[in-house]
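Report on the following structure.
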Amino acid sequence: MARSTNANAPQTGAVRGFVPPRSEEEQFLMRHIEDLARTAEARGIPRYSSFLSDREQDLAKAALDRAGCTSFRFDGGYPQAERRMVCIEPEGSWSDSPLRCVRLECTGPSGGALPGHKDYLGSLMGLEIRREGLGDIVLPADQPGVAYVFALETVADLICGELLRAGRTELKRSLQPLDALPAFPEAEREKRTATVSSLRLDAVLAAMLRCSRGAAAELIAAGRVEINHLPAASAHASVYEGDVFTVRGKGRFCLSALPGKSRKDRVIIEFFQY
């Protein structure tokens, strides 16, 4: 859980509370996870969800707690995965995970620009793959021209059979055994610091975007800002250490630390852009 501070000063140990489901879709997800847990426990067989976002993983964890299920884990195929599946595996059951990894290698003429994350995702969506069937798309910096796509088994088979190119670049496709994955180097992100008058959303967002608080407030009012995958309701909402801010058209940012206060009694924030 994310640590929190109030609007004036950091407080060690405070956390952002669980946000209950806010839509019929979120309520359905929780009921579905509970059903998976009850089936797994009653029949002693493993059950698996599709890939879940950070917000959906929080909802799934709450549903599993409500169902009294303890024999579960989250898995996205590699340790740093963002999109992950719920794997409910009762003691003594066999592992039957549908998680797969497809290795994509560019085979087109050298010298051109290599496909980026958006190119791969766009090509995958062109196959009419639903987003919940896809996990992370990893482009290791030490393997230019190579991408690893984590997906459900049926989706992985479709990718291997149908994905011919990303953008204009032709691709070679092959299933990659999960136990033979390379160690993906963690992305190097430039951490920045700033000082803010308070831990209000508009103040922190203005510091991250290097704009005025008024401009930040306009983005919030226009519905272009999400905190942890939920729409930001107010410019004066409190923010918390560990929060992730998605600003449509501007990028995604993480409030990674709250080191303390400056000599001028302003709150110091540490953050990075994904």
> Just checking, how many residues over the stretch 84-99 are open to solvent by 40 Å² or more (accessible area, probe 1.4 Å) and more than 13 Å from L36 (Cα to Cα)?
Replying inline: 6
> Can you tell me which residues in the stretch 183-208 are open to solvent by 40 Å² or more (accessible area, probe 1.4 Å) and modelled with pLDDT of 95 or more?
Replying inline: K191, R192, T193, T195, S197, R200
> Do we find a residue being open to solvent by 20 Å² or more (accessible area, probe 1.4 Å) and within 30 Å of P182 (Cα to Cα) anywhere in the stretch 19-32?
Replying inline: no
> Does the stretch 132-155 include one or more residues that are without any contact (Cβ under 8 Å) to a residue 12 or more places away in the chain, over 19 Å from L99 (Cβ atoms) and either touching a helix residue (DSSP H, G or I) at 6+ places or on another chain (Cβ under 7 Å) or part of a loop (DSSP other than H, G, I, E, B) (or both)?
Replying inline: no
> Considering the stretch 112-135 alone, what residues qualify as being more than 14 Å from T169 (Cα to Cα) and open to solvent by less than 20 Å² (accessible area, probe 1.4 Å)?
Replying inline: I129, G133, L134, G135
>> Residues that are touching a Pro at 6+ places or on another chain (Cβ under 6 Å) and of a type in the set (A, V, I, L, M, F, W, C): list the strands (runs of 3 or more DSSP E) wholly contained in the stretch 158-274 that include at least 1 such residues.
In response: 251-261, 267-273
> Does A81 qualify as being of a type in the set (A, V, I, L, M, F, W, C), part of a loop (DSSP other than H, G, I, E, B), without any contact (Cβ under 8 Å) to a residue 60 or more places away in the chain and out of contact with any helix residue (DSSP H, G or I) (no Cβ under 9 Å at 6 or more places or on another chain)?
Replying inline: no
> Restricting the search to the stretch 189-242, which residues are of a type in the set (D, E) and in contact (Cβ under 8 Å) with a residue 24 or more places away in the chain?
Replying inline: E190, D202, E241
>> Looking at the stretch 46-82 only, could you name the residues that are aliphatic (A, V, I, L, M), farther than 20 Å from V155 by Cα and buried (at least 19 other Cβ atoms within 10 Å of the Cβ)?
In response: L59, A60, A63, L64, A67
> Restricting attention to the stretch 164-176, which residues are more than 11 Å from E105 (Cα to Cα), of a type outside the set (S, T, N, Q) and touching a residue at least 60 places away in the same chain (Cβ under 8 Å)?
Replying inline: R168, L175
>> Show the residue pairs meeting these rules: Cβ distance below 9 Å; 6+ apart or different chains; first residue within the stretch 54-65 and farther than 16 Å from D35 by Cα; second residue assigned to a helix (DSSP H, G or I) and open to solvent by less than 70 Å² (accessible area, probe 1.4 Å).
In response: R55/E26
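The values are calculated or read from the model by the stated rules, or taken from the named source; none is laboratory data. None of the values given here were measured: they were computed from a predicted structure. Because the Cβ atoms are built from the backbone with ideal geometry, glycine has one as well, and the counts that use them run over all protein chains shown. All accessible areas refer to the heavy atoms of the entire protein, side chains included, with ligands and DNA or RNA removed. Shrake-Rupley method; radii C 1.70, N 1.55, O 1.52, S 1.80 Å.
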